[in-house]
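To start, the structure under review is shown below, and the notes come after it.
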Amino acid sequence: MMPVRDHLAHLIAAEGPLSIAEFMRTALTAQGLGYYMRGEPFGAAGDFVTAPEISQIFGELIGLWCVATWEALGAPSQISLIELGPGRGTMMSDALRAAGVRPAFLEAAQVTLVEISPVLRERQREALKGARVGGLAWAGGFDDALPADRALILVANEFFDALPVRQYVATDRGWRERLVEFASDGAFAFALSPDPVPQELIPRAVEDAAPGAVFEFAASRNALATRVAECLVRNRGAALVIDYGFSGPAVGDTLQALKAHDFVPVLDDPGHADLTTHVDFDALATGFAEGGAEVYGPLEQSVFLQRLGARERLEALASRATAKRREALEAGFARLTEPAQMGSLFKTLVAASPGLLPPGFAQHERR
Ligand SMILES: C[S@@+](CC[C@H](N)C(=O)[O-])C[C@H]1O[C@@H](n2cnc3c(N)ncnc32)[C@H](O)[C@@H]1O
């Protein structure tokens, strides 16, 4: 099968330069070729490590958050529990184990894992082999995951950062879209669209940015948020998004490629490096609000996890651990919560059906 870089080169030869969004989407998820479709990128031997892979406490607290949300919804006898982009299935596995404190929740939970990668679906199947839940299924996209009439709890850790964005660049001739072309030396290179970007796509707050400034627009992210919110309003429920990002609108080129735990040039090795951008939580919140949901946050990950009892869980686990294991638990906890590590850059945003106060948030934190 042809490598994804050849596929991208053919696409450019046939159709002209690609938007950053098209480049990202193809490099990450092209059928049988994309980064997520072929391999398993997680862990020390892979390209990056995510919170559930760092500490079991992360998934366990998410599980308790799901139980508390289910209780706040009146403990319905059936609930859709959807995870977007479950990776190796570690978070859901830890979450369901912790949620075992309420067996009725597990019985009610119709779990759907939204995963595009066949390789990762297999990992998830292994991770959840022993799970005793009301139902367990897979879907390729959110729209295939949801039956019409059940309350919904949705969780997504480091999913939205993988969705494609467009990049617009300020120039002294106005805003232009950043594109990817195939240069004569056989390498991918950035280019600018000859046509101006429609003015309504650039927010007022950034429109006068200096030449060279980049504004990122994540249409598919925002549209997904709106569709999730419409379901929340129709069926009741809450969606918890955890990711790295900022509150926009703001300029900044956040497109990054990670390979073997190092940043590499973003166009160098499509299909063999993870490509992501930071999530604009303000834009995401607007997407949720457009679907009618009430939005809480963003709250820093460290604050959210501590409110859910991260320290108490650490102490409980540490009290019956060997010295070596205790050290590992404490290191994992520090990595998730220290502001200089993941504690501040990572944030949590919750969209809820009207009138539902999501666990971990106070009423005044509603946007
Ligand atoms: C960075 S990983 C995060 C994995 C996991 N949530 C964790 O925290 O370890 C992104 C996940 O989203 C999946 N994914 C990426 N784009 C997707 C898409 N468009 N539709 C469905 N799943 C997607 C990937 O295959 C992977 O499972």
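Throughout, read-outs are computed from the coordinates displayed, never taken from laboratory work. Owing to the predicted nature of the structure, the values given are computational and were not obtained by experimental measurement. Positions of Cβ are backbone-derived with ideal geometry, glycine not excepted, and every protein chain shown enters the neighbour counts.
What to note about this one:
- Mean ellipticity per residue at 222 nm, deg cm²/dmol - from DSSP H runs of n ≥ 4 across the chain, formula -39500 (n - 2.57): -10500 deg cm²/dmol
- Positive-end extreme of charge dipole, the range 267-367 - chosen from LEU314, GLN301, ALA283 (charges on Cβ): LEU314
- Ranked by how many other beta carbons lie within 10 Å on average, peptides 295-305, 261-271, 81-91, 148-158 from highest: 81-91, 295-305, 148-158, 261-271
- Of the three principal axes defined by the Cα atoms of the range 62-101, the extents in descending order read 31, 19, 14 Å.
- Three semi-axes of the equivalent ellipsoid, the range 294-347, Cα gyration tensor, whole Å, largest first: 25, 13, 5
- A viscosity of 1.002 mPa s and a temperature of 20 °C, combined with the Kirkwood radius over Cα pairs in Stokes-Einstein, give a translational diffusion coefficient for the range 1-58 of 164 µm²/s.
- Each peptide among 319-328, 357-366, 339-348 gets the average number of other Cβ atoms lying within 10 Å of its residues, and from highest to lowest they stand as 339-348, 357-366, 319-328.
- Mean sequence separation of contacting Cα pairs (under 8 Å, at least six apart), scaled by the length of the range 32-175, corresponds to a relative contact order of 27 percent.
- Convex hull volume per residue in cubic angstrom - Cα atoms of the chain: 146 Å³
- Farthest towards the positive end of the charge dipole of the chain, among the residues GLY130, PRO265, HIS7, is the Cα of GLY130, using unit charges on the Cβ of Lys, Arg, Asp and Glu.
- Rounded to 5, the percent of DSSP beta bridges in the chain classed as antiparallel: 55 percent
- Computed E for LYS129/SER77 - FRET, C-beta separation, R0 30 angstrom, nearest 0.05: 0.75
- Summing Cβ point charges (Lys, Arg +1; Asp, Glu -1) relative to the Cα centre of the range 211-367 gives a dipole of roughly 780 debye.
- Length-normalised contact order for the chain - Cα pairs under 8 Å, 6+ apart - percent: 19 percent
- Cα centre as origin, Lys/Arg/Asp/Glu Cβ charges: the range 286-367 dipole, Debye: 320 debye
- When each of the peptides 283-291, 233-241, 176-184 is scored by the mean number of other C-beta atoms lying within 10 Å of its residues, the order from highest to lowest reads 233-241, 283-291, 176-184.
- The magnitude of the dipole of the range 66-202, with charges of +1 and -1 set on the Cβ of Lys/Arg and Asp/Glu and taken from the Cα centre, is near 500 debye.
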